[in-house]
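Just below is one structure, and these are the notes that go with it.
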Amino acid sequence: SQWTNIAEQISGLSSIGADVIRARHRGDYAHLDQLMQNVLPAAMKVAGEDYLQVAGTDEQGRLTWSSLGLPEGGLDLSDREHIRAILVDQLPSFVGEPVVGRVSGRLSINFSSAVWDEDGRGIEAAHG
């Protein structure tokens, strides 16, 4: 069904976002480059234009990377509902209310997921 397809696309993009975060955290820049230059763009193309971006924030809610690029001077997203749900409320995942994206400038529904390192410590939130 259409909803199953949407859920699979979101899950796949979230998984790639988690891989990006873990590669950054480990300092595995060769794998990070492969993910950002090949894997993520290909997945975004398959998902279609309804999926605006995949991004990550650090433990303070600052944007650390985005498939759309980073705004000059960085961006604090700690006030966003979908970021607070992961970083403050410590939910494993969350679907937020529609908001205008600060990077995309478009109205979007944000899906966020907690990302843990190999030792089970929370390191970032993947969202898009």
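The residues in the range 21-68 that are surrounded by fewer than 15 Cβ atoms within 10 Å (Cβ to Cβ) and closer than 18 Å to L107 by Cα can be counted, and the count is 3. Would you call L77 open to solvent by 70 Å² or more (accessible area, probe 1.4 Å), hydrophobic (A, V, I, L, M, F, W, C) and in contact (Cβ under 8 Å) with a residue 24 or more places away in the chain? No.
Within the option set Q90, Q34, being out of contact with any helix residue (DSSP H, G or I) (no Cβ under 8 Å at 6 or more places or on another chain) and part of a loop (DSSP other than H, G, I, E, B) holds for one residue only, Q90. For the range 93-128: of the residues being in contact with a strand residue (DSSP E or B) (Cβ under 8 Å, 6 or more places away or on another chain) and among the charged types (D, E, K, R), which is nearest to G74 (Cα to Cα)? Among those residues, the one meeting the criterion is E124.
Criterion applied to E118, E97, E72 was being open to solvent by 50 Å² or more (accessible area, probe 1.4 Å) and modelled with pLDDT of 90 or more, and the one residue passing it is E97.
The values are calculated or read from the model by the stated rules, or taken from the named source; none is laboratory data. No experiment lies behind these values; they were computed from the predicted model shown. Note that we place each Cβ from the backbone using ideal geometry, even for glycine, and neighbour counts take in every protein chain shown. What goes into the accessible areas is simple: the full protein's heavy atoms, side chains included, and nothing from ligands, DNA or RNA. Shrake-Rupley method; radii C 1.70, N 1.55, O 1.52, S 1.80 Å.
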